[in-house]
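Working notes, beginning with the structure itself.
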Amino acid sequence: MSTTTATEDLVGLFPKGTRLASDGEIVVGECRLDDLAERFGTPAVVVDEGALRARAREYVEALQRHWPNGQVVFASKSFPCTAVVRVMTEEGLGVDVAGGGELVAALAAGADPARLVVHGNAKTDEELSMAVGAGAGTIVVDNFDDIDRLEKIVTDGEQHVLIRVIPDVEADTHEAMATGHAGSKFGLSVPDAVRAAERIRAGERLRLDGVHVHVGSQLLDTTPFARAVEAIASLGELGEHAVYDLGGGLGVRYTYADHAPTVDEYVRTLTDAARAHLPANARLIIEPGRSLVAESALTLYRAVTVKRGRPRTLVAVDGGMGDNLEPMLYGQRFEATVTSRVGGGEPCDLVGRHCESGDTLIRDVPLRAPTVGDLIAVPVTGAYCYSLSNNYNGARRPPVVFCHDGEARTVVRRETYEDLLRRDM
């Protein structure tokens, strides 16, 4: 691969509109990365707010175009940052939450409780009480125990619910990201879902609106999505205005080799399958997460040490598995570049600072003449990196910085050492 091609391909992995300044430095949201590092320090999660909003609008417009009776709901587990959730609500999306903390963050961000979708395979009494008390519009029943708990908790009016169904669809993704196969810990088999529906309808506190289905995450082929729609159609007619929540799972382009479907292709696959198998007046919900946020962000590091004379040069940065667990948990491949020398270079292993041999961010990644003090950017880190960040070795979780039209602001501050001690008694 030529340096020119590598440069173009690398820039293409950053948020749309990213460019190189005249001196070669990467500019995101019209902010130079070296200026951001000087102002906010490293490591730091940098979000192009304009790109984030544009992606949200792309989803809303695609669903409106192909199935007007629909709602886009942000899977907030992918980036449960209050400022990110606020952007989604401002762009007209609902919010799905999978735990009490995500519920609190969504409400703090100003999400409309009526447009909340509450998930979880092991929801506690406390979490269900929080959801009901907040007026959450929809709670997804994942098991018969959810029904037992809700029938005790809901004492006034009706709580709208969906039943999560296992479609028995295999998805080509990492096993930890697959959720729709037989034996999944999520949801109920079709026969059990039918029994759950009968149970809910026989009661007085829960109102069954429809079903939910999800086949997995980081899917680069849309075929499983269509098969899942066909699977839930086997439940039969659910009512004149039934709700079909088709989940999320669209994959994104992390590396040069990835080829992800467009938002329009994904939505069209779902709605074509819905026209073939579901009632024409059905209400569709889709729950994108990774594909909404991943490409709008990058993580900015500084090289702390460089070791040469090995099979590959080792470049160690001031972050690692404390701020990005995706390579360790899922084997996810990323790309990287020195921010002022983009494209080409010698093969290196980009490793983190944590006391763990598995703390390798990227193996065999080209970096051009890496030296101590260089800024290194890893694109496509907007999904799950913030969610899974941790304090291993006493690492302080990094700030989240929003950039837009040349202005930058912190929306989550960097943790302090005092924060690490705050819960001690």
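The values are calculated or read from the model by the stated rules, or taken from the named source; none is laboratory data. This structure is a prediction, so every number in the text was calculated from the model and none was measured. Here Cβ is always computed from backbone atoms with ideal geometry, including for glycine, and neighbour counts include all displayed protein chains. For accessibility, only protein heavy atoms count, side chains too; no ligands or nucleic acids. Shrake-Rupley method; radii C 1.70, N 1.55, O 1.52, S 1.80 Å.
Taking the conditions (1) among the small types (Gly, Ala, Ser); (2) over 29 Å from Ala197 (Cβ atoms); (3) open to solvent by less than 10 Å² (accessible area, probe 1.4 Å); (4) not in a helix (DSSP H, G or I) in turn, Ala136 satisfies each one other than (2).
Quick one: would you say Val60 is buried (at least 23 other Cβ atoms within 10 Å of the Cβ), under 30 Å from Val243 (Cβ atoms) and without any contact (Cβ under 8 Å) to a residue 60 or more places away in the chain? Answer is no for this residue.
Going through (1) more than 30 Å from Arg283 (Cα to Cα); (2) in a helix (DSSP H, G or I) one by one, Val27 falls short only on (2). Consider Val378 carefully, then state whether it is in contact (Cβ under 8 Å) with a residue 40 or more places away in the chain, part of a strand (DSSP E or B) and buried (at least 17 other Cβ atoms within 10 Å of the Cβ). In short, yes.
When we screen Tyr266, Tyr330 for residues that are in contact with a strand residue (DSSP E or B) (Cβ under 7 Å, 6 or more places away or on another chain) and either at pLDDT below 95 or not acidic (Asp, Glu) (or both), the only hit is Tyr266. Comparison of Thr89, Thr82, Thr42, Thr4 shows that the only residue that is at pLDDT below 95 and either of a type in the set (Val, Ile, Thr) or touching a His at 6+ places or on another chain (Cβ under 9 Å) (or both) is Thr4. The set of residues in the stretch 67-117 being touching a Leu at 6+ places or on another chain (Cβ under 7 Å), assigned to a strand (DSSP E or B) and either among the β-branched types (Val, Ile, Thr) or open to solvent by 50 Å² or more (accessible area, probe 1.4 Å) (or both) consists of Val72, Val73, Val95, Val97. Looking across the stretch 258-290, the residues that are under 29 Å from Val338 (Cβ atoms) and free of Cβ contacts under 8 Å to residues at least 60 places away in the same chain come down to Asp258, His259, Ala260. Screening the candidates Glu30, Glu8, Glu25 for the property of being over 30 Å from Ala242 (Cβ atoms) and open to solvent by less than 60 Å² (accessible area, probe 1.4 Å) yields one hit, Glu25.
Mind checking whether some residue in the stretch 155-172 is crowded, with 19+ Cβ neighbours inside 10 Å, modelled with pLDDT of 95 or more and outside any strand (DSSP E or B)? No, the stretch 155-172 contains no residue that is crowded, with 19+ Cβ neighbours inside 10 Å, modelled with pLDDT of 95 or more and outside any strand (DSSP E or B).
Looking only at the stretch 229-240, decide whether some residue is open to solvent by 30 Å² or more (accessible area, probe 1.4 Å) and farther than 30 Å from Leu150 by Cα. No: the stretch 229-240 contains no residue that is open to solvent by 30 Å² or more (accessible area, probe 1.4 Å) and farther than 30 Å from Leu150 by Cα. Considering only residues that are over 30 Å from Glu415 (Cβ atoms) and small (Gly, Ala, Ser), which ones fall in the stretch 55-73? Answer for the stretch 55-73, where residues must be over 30 Å from Glu415 (Cβ atoms) and small (Gly, Ala, Ser): Ala62, Gly70.
In this structure, Ala51 qualifies as assigned to a helix (DSSP H, G or I), touching a Lys or Arg at 6+ places or on another chain (Cβ under 8 Å), at pLDDT 95 or above and not β-branched (Val, Ile, Thr). So for the stretch 388-397 (the condition being polar (S, T, N, Q), open to solvent by less than 10 Å² (accessible area, probe 1.4 Å), touching a residue at least 40 places away in the same chain (Cβ under 8 Å) and closer than 30 Å to Gly50 by Cβ), does at least one residue qualify? No, because not a single residue in the stretch 388-397 is polar (S, T, N, Q), open to solvent by less than 10 Å² (accessible area, probe 1.4 Å), touching a residue at least 40 places away in the same chain (Cβ under 8 Å) and closer than 30 Å to Gly50 by Cβ. Go through the stretch 381-414 residue by residue and tally those that are in contact with a strand residue (DSSP E or B) (Cβ under 7 Å, 6 or more places away or on another chain) and in a loop (DSSP other than H, G, I, E, B). Looking only at that region, the number is 7. Among the criteria (1) under 30 Å from Ile285 (Cα atoms); (2) in contact with a Lys or Arg (Cβ under 6 Å, 6 or more places away or on another chain), the one Thr42 does not fulfil is (1). Pairs linking a residue in the stretch 407-425 that is open to solvent by less than 50 Å² (accessible area, probe 1.4 Å) to a residue that is part of a strand (DSSP E or B) and hydrophobic (A, V, I, L, M, F, W, C), with Cβ atoms under 6 Å and 6 or more positions apart or on different chains, are Ala408/Cys31; Ala408/Val401; Val411/Val400; Val411/Phe402; Val412/Val400.
For the stretch 365-375, the set of residues classified as open to solvent by less than 40 Å² (accessible area, probe 1.4 Å) and assigned to a loop (DSSP other than H, G, I, E, B) consists of Pro370, Gly373, Asp374, listed by residue number.
Condition check ((1) within 28 Å of Gly12 (Cβ to Cβ); (2) buried (at least 17 other Cβ atoms within 10 Å of the Cβ); (3) at pLDDT 90 or above) across all residues:
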site	(1), (2), (3)
Pro191	no, no, no
Arg201	no, no, yes
Ser217	yes, yes, no
Asp221	yes, no, no
